[in-house]
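Working notes for the structure below.
What follows is calculated from the coordinates using simple rules that are stated; it is not laboratory data. None of the values given here were measured: they were computed from a predicted structure. We place every Cβ from the backbone using ideal geometry, glycine too, and count neighbours over all the protein chains shown.
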Amino acid sequence: MTSPGPFAYVGKPTPSREAPRFVRGRGTFVDDIKLPGMLHAVIGRSPHAHARILSADGSRAARHPGVEAVVTSPEHVELTSPFRPGRYASGLGTHVPEYAMAAGKVRYVGEPVCALAASDRATAEDALSEIEVLYETLEAVTSPAQAVAPGAPLLFDEVGSNEVWRNAISYGDVEAAFREAEVVVRHTLSMHRYSSTPLEPFACVASYEKGGGTGALTVWCNAQAPEVIHDALRETLGIDDVRVVITDIGGSFGQKIHLIRKYVVITALLSMRCGKPVKWAEDRTEHLMAGGHACGQEFEVEAAVKRDGTVLGLRVREVDDVGGSLSTATIHFTNKLNNLFNTYRVGAISLEGTAVVTNKCPVVPNRGIGKPAMCFVWERTMDRIAAELGMDRLEVRLKNVVPTGAFPYTTPSGNIYDSGDYEGLLHTAAERMGYDELKAEQARARTDGRYLGIGIAMGIEPGGRNLSRDLALLPDVKGIPGSGGTSGATLRIERSGSVTVTLGVPSSGQGHETTAAQVVAEVLRIPPERVRVASTFDTTASPWGGASTNSGNNFHLYEIGAVHGAATQLRDKLLALAASVLGLPADELSFESDGVVRSKADPARKTGLVELARLAYNNTVLVPDGMEPGLQTTFMYRFPHAQPFAVPDEQRRVRAQFTFPASVHMALVEVDVSTGRVDVLRYLVVGDNGTIINPGVVEGQVIGSAAHGISVALGEAFAYGSDGQLLTRTLRDYGKSTTLTTPSIEVEHRGMPSPFTPLGQKAAGEGAAIPSPAAIASAVEDALEPLGVRVRDLPLGPESVWRLINGLPERVFD
Amino acid sequence: MYPQPFEYVRPESVGHALELLAQHGADARPLAGGQSLLPLMKQRLATPRVVVDIGRLEDLARVEDDGSLRIGSLVTHAAIEARDWPAPLALLYDGASVIGDVQVRNLGTMGGALAHADPVGDWGPVLQALDASVRIGSARGEREVPVAELFTDAFSTVLGPDELITAIDVPAQDAAATGAYVKLARRVGDAGVATVAVQVRWAGDGTCASAAVAVGAAASVPFRASEAEAFLAGRTLDEAAAGEAARLVQAALTPFSDVRGSAEYRRDMVAVALTRALGIASRRHAGERVEAGYG
Ligand SMILES: Cc1cc2nc3c(=O)[nH]c(=O)nc-3n(C[C@H](O)[C@H](O)[C@H](O)COP(=O)(O)OP(=O)(O)OC[C@H]3O[C@@H](n4cnc5c(N)ncnc54)[C@H](O)[C@@H]3O)c2cc1C
């Protein structure tokens, strides 16, 4: 294929548009919004993991001076409708209505059961203890094994089992693969519950005004997917006139797609009850308890292998610990279709899984949603195969990756890997890391009693979104729930010649303004400083942007596709207008830098952006017949290469996502075998994100998501007692790594442009969070190889590693 | 989260502070750096009616050094970390440098930390190993209590509700003594899972004349490991001696479990911390500059 470019602005390190605002404290976050007469809300939460709500009485709290609205769970259920079941629970057999507050029963500590609004936050907190909720406590189940044991208490009586879902899918001839196998490698693996813990927890301001019809509701919130909020408010409150405004967001990572809707609904209901604006801001402990966790996932894995290291097939059985809600029960399983084959050319796989409800926080989409675990399965298995066959870990991967000449490559499940050079990534990483020298150093260190380990993992970062993916798992469902998706961008060339851009998504700090401005600059040949990108999303002003849910990953596809499309349309229009002004055919004109349009034949004949803009807006008689006046356009982007397999074929092949960046991670660690502490001495990411638009933005995404994945591996974790109480209620207890324990992360780009996107760009967001947990696991196992330690489970906090070294069972909290 | 409503008073002098405490008794809490009291109040785990802010009483913020050391109760962790201590007092640096993070060290005070009596607090073992005592004032008068006798249980001390720690007295140390405080923790900035402070007086032949061994973050209160101390006196501090001392410490220990570490892990880590602390004290005795830090 031909590479796109050369580029004038794309790929150049232009200064960040938003960073100065944030660094100077000039961002506008929800908590900065103050409306006249605004009240402050607090949410009352269940102290129990599992209980029936016997009664709730808010009357005393309602009389507390300063309190203006109280809602308890029974009233809430009366006053609102349940949410419509969504795609995070695709395929559940029994539908159990879910409201913003617990209905009849609480199923996790922190589940909302009441709320009130008062003149100020302190008064609201004082009054909250005066709402009396009576419970009949029930036995809590805190692990899938406990939940499916005979006689276990049921979370949802309506469903009749705590195993709420079971599914299986396979591609290729798995039985044949295992028949032909010379070696079968088996192990069990697991990943734990964690979260990206955005710096800014959930927040919302709701302002309801009575009036025509159902009244008008405006909410300001830090949700990352505005349409989820829009839908939720309409579904539950029955209000048609809803405006959603989203200003700066202090990090999302998927956490702010789903559960946040509950709190927006509750805040809106309080505003409806008292007729005043109401603000609610979650605190850290609330977020850790009830803001959503990544799913705990357990696996049994078998690999069919030939003696030369070739993997013929994989069998994976999965159990998901989805917590106390059905609304996201299946997403960690279904999402595995996205990176089902990771980077490997393997012919057969079967994936079988169950979702089990437990009395813990519901799971939510979080930085990869199941993809880090699918990658963990592959990468731990590759290391295991290498160990059992006595091969080098690099060599096993080189043997099995999709060969460089094979792109675009269609996996047996129907994903089409757009471009890639996995062998090149592996070789570059090994060279840059000094793999062979490190192995020698490791051998020397061992003789001094030091335990160095080298970790290797590779993964893909699928980008794009195909809602019909789940049909592959649900062949009985008729109709298409939506294939692909679209996002828009609105561009306006001002009469000054500068450009204003409005996007269909808010930004969570991923540099959307910087990246979008650069693309406009590229197409219109003006400096990026002349492009202003709106920093506020507003459903009454912004175009539709549902496709990306504002992940940095999808932004690079959908929003950038839309911005590129809109800028190209305006560029064509400028040319047509110039042709009319200059009296020359458009193909005799050249579009030059700074918005100059010039005759190719006679360079003295020219016009420019300012002149054309004035004409387009003010001198419409000079705008040619048939041409729309003005220089404003909205472009809706659709992924142009969604066929084939946009919907599943009879072999259930489906394109779960559309572009496939990849990366190789290598880590050098030292393990203190007395304490179990792991120090990461070096960490390298060699990645292919296709054409990079802004190197600083992409590097930020890579470093941030790698840092998180490393912290996930090294010990950040939610822990529950056997009574279902969350034991990690502060960031300190939760064990997030800080800058002091995060290694400096080296990043090398080895971009292969995508043939499917306008600039050759691929996704660039959560990618490094996918292989990094596996890379650390690989390094720790390598370090402890002389002690015969196998790393199967995360996280690897000091005590866990100490237990591995001493042959003790995993710790269970009581 | 917001505390329950409370009255805030800022006394002008230590005497005034003591009067206020006498007047309000158990309804009042002194506020020093606020690093423990304010989080507790925000979670409504502490609900004082009157907060007596002693934080600006200059008289409590001085360090007097005339051979023995008097550290005002309001001296911050950061001030102790920043001071140039002679070798026999390196333990003070060791302790200060591993407390929380920079923000906490800038505001948190030694007196506040001791009064808070967190079982994972770092000053308890460090000051016990230095044979320090606290000076306690009240409208009733003054008394002095060894740090080794200050703590009665987790988050409990011998302090009455009307009493203030005014200073911490550290007696003069043997000029050739060296020590080390090793804090084993899940990660930098976290609370310890086992911490050990040792202070060794060396005999002319390089053996240990006497050793103080204090253990923190493993039991409900920090404690001096007297059996281990008795065993180490007069010995060469080699690996075998350290191992036996560690065994004696473990025998005297009933560790607790929390999310940071199980009892069995803590028990093992106490031995590691002791061995490492003795090792660092020995190297310091040999003139090496060694960071003790997180071991
Ligand atoms: C994030 C974080 C991490 C931390 N990490 C560590 C750590 O690693 N190691 C560690 O040791 N500590 C740690 N701490 C606690 C820290 O050391 C606090 O500074 C200390 O516990 C309390 O000191 P303060 O001056 O802030 O006291 P305050 O919070 O003001 O008071 C604490 C208690 O002592 C009482 N009090 C205060 N001064 C006196 C006095 N002079 N006389 C009598 N009573 C008094 C108060 O009434 C209150 O009950 C951490 C704290 C935080 C917030």
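Net charge near A:T247, counting Lys/Arg +1 and Asp/Glu -1 over other residues with Cβ under 14 Å of its Cβ?
Charge balance near A:T247 sits at -1.
In a shell of Cβ-Cβ distance under 13 Å around B:C208, excluding B:C208 itself, what net charge do Lys and Arg (+1) and Asp and Glu (-1) give?
Within the 13 Å Cβ shell, the charges total -3.
Beta carbons within 10 angstrom, averaged per residue: use that to sort the peptides A:264-274, A:773-783, A:119-129, highest first.
A:773-783, A:264-274, A:119-129
Using only alpha carbon pairs under 8 Å that are at least six residues apart, calculate the relative contact order of region A:665-750 and give it in whole percent. All intermediate terms of the calculation are to be shown ahead of the outcome.
Working: 99 pairs, mean separation 31.8, N = 86.
Reported relative contact order: 37 percent.
I'd like the mean, over residues of A:671-678, of how many other protein chain beta carbons sit within 10 Å of each residue's own Cβ.
Whole-number average of other-chain Cβ neighbours for A:671-678 is 5.
Using Cα centres only, tell me the gap between region B:24-51 and region A:613-659 in whole Å.
Here the answer is 61 Å between Cα centres.
Using alpha carbon centroids, what distance separates region A:29-61 and region A:137-154, in Å?
Going from one Cα centre to the other spans 29 Å.
Which listed residue (B:L114, B:V170, B:G141) has the Cα farthest towards the positive end of the charge dipole for region B:61-170, taking +1 on Lys and Arg C-beta and -1 on Asp and Glu C-beta about the Cα centre?
B:G141
Could you let me know the centre-to-centre spacing of region A:736-777 and region A:484-539, using Cα atoms, in angstrom?
24
Would you calculate the separation in nanometres between label points at B:E239 and A:S129, each defined as 7 Å from the Cα along the Cα-to-beta-carbon direction?
Calculated label separation equals 5.7 nm.
Just checking the output field for A:806-814: average partner chain Cβ neighbours within 10 Å of each residue's Cβ?
Working: counts 3, 0, 3, 0, 0, 6, 1, 4, 2.
Averaged over the peptide's residues, the number is 2.
Under a crude label model (7 Å from the Cα following the beta-carbon direction), how far is A:E810 from A:E628 in nanometres?
5.6
Please state the charge dipole magnitude for region B:61-170, taken about the Cα centre, from unit charges on C-beta atoms (+1 on K and R, -1 on D and E), reported in debye and rounded to the nearest 20.
Numbers: 7 positive and 17 negative charges, 41 e Å.
Result for region B:61-170 is approximately 200 debye, rounded to the nearest 20.
Going by the alpha-carbon gyration tensor, a ≥ b ≥ c the square roots of its eigenvalues, is chain A rounded (a/c under 1.5) or, if a/c is not under 1.5, prolate (a/b greater than b/c) versus oblate?
Cα axes put chain A in the oblate bin.
Which lysines, if any, have their Cα less than 21 Å from the Cα of A:K606, not counting same-chain residues under 8 positions apart?
Result set, ordered by chain and number: A:K573.
To the nearest 20 Debye, how big is the dipole of chain B about its Cα centre, given +1 on the beta carbon of each Lys and Arg and -1 on that of each Asp and Glu?
I would put it at about 680 debye.
Beta carbons within 10 angstrom, averaged per residue: use that to sort the peptides A:61-69, A:730-738, A:619-627, B:8-16, highest first.
Ranking the peptides A:61-69, A:730-738, A:619-627, B:8-16 by packing returns A:730-738, A:61-69, B:8-16, A:619-627.
Rounded, prolate or oblate, given the Cα gyration tensor of region A:331-468, with a/c below 1.5 counting as rounded? Spell out each step's value before the answer.
Values: a/c = 2.27, a/b = 1.43, b/c = 1.59.
Because a/c hits 1.5 or more and a/b fails to exceed b/c, region A:331-468 counts as oblate.
Could you tell me which of A:V791, A:M191, A:L79 has its Cα farthest along the dipole of the protein assembly as shown towards the positive end, charges placed at Cβ (Lys, Arg +1; Asp, Glu -1), taken about the Cα centre?
A:L79
Give the list, by residue number, of cysteines in chain A with no other Cys Cβ closer than 4.7 Å, or say none.
Lacking a cysteine Cβ partner under 4.7 Å: A:C114, A:C274, A:C295, A:C361, A:C375.
Can you tell me which lysines have their Cα less than 29 Å from the Cα of A:K371? Leave out same-chain residues fewer than eight positions away.
Of all the lysines, those that pass the test against A:K371 - Cα under 29 Å, at least 8 places apart if same chain - are A:K256, A:K262, A:K306, A:K336, A:K360, A:K399, A:K478, A:K736, A:K762.
Name the residue from A:G44, B:V98, A:G690 whose Cα lies farthest towards the positive end of the charge dipole of the protein assembly as shown, charges +1 on Cβ of Lys and Arg and -1 on Cβ of Asp and Glu.
Projecting each Cα onto the dipole axis, the largest value belongs to A:G690.
How high is the relative contact order of chain A? Use alpha-carbon pairs under 8 Å, at least six apart in sequence, and give a whole percent.
16
With only Lys, Arg, Asp and Glu charged, each at its Cβ (+1 for the first two, -1 for the last two), find how big the charge dipole of chain A is about the Cα centre; round to the nearest 20 debye.
1180
With both bridge residues required to lie in chain A, what share of the DSSP beta bridges run antiparallel, to the nearest 5%? Walk me through the numbers before you get to the answer.
On the way: 103 of 130 bridges.
Beta bridges within chain A, antiparallel portion: roughly 80 percent.
Mind checking which aspartates and glutamates have their Cα closer than 14 Å to the Cα of A:K600? Skip sequence neighbours fewer than 8 apart in that chain.
A:D587, A:E588, A:E592
Give, as a single signed number, the net charge of other residues whose beta carbon lies under 14 Å from the beta carbon of A:F156, with Lys and Arg counted +1 and Asp and Glu -1. The partial results should precede the final answer.
Numbers: positive: A:R52, A:K105, A:R107; negative: A:E98, A:E111, A:D157, A:E158, A:E163.
Every neighbour counted, the sum reads -2.
Name the shape class, rounded, prolate or oblate, that the alpha-carbon gyration tensor gives for region B:1-66, where a ≥ b ≥ c are the square roots of its eigenvalues, rounded holds for a/c under 1.5, and otherwise prolate holds if a/b is larger than b/c and oblate otherwise.
It comes out oblate by the Cα gyration axes.
Relative contact order of region A:608-664: what whole-number percent is it, with Cα pairs under 8 angstrom and at least 6 residues apart?
19
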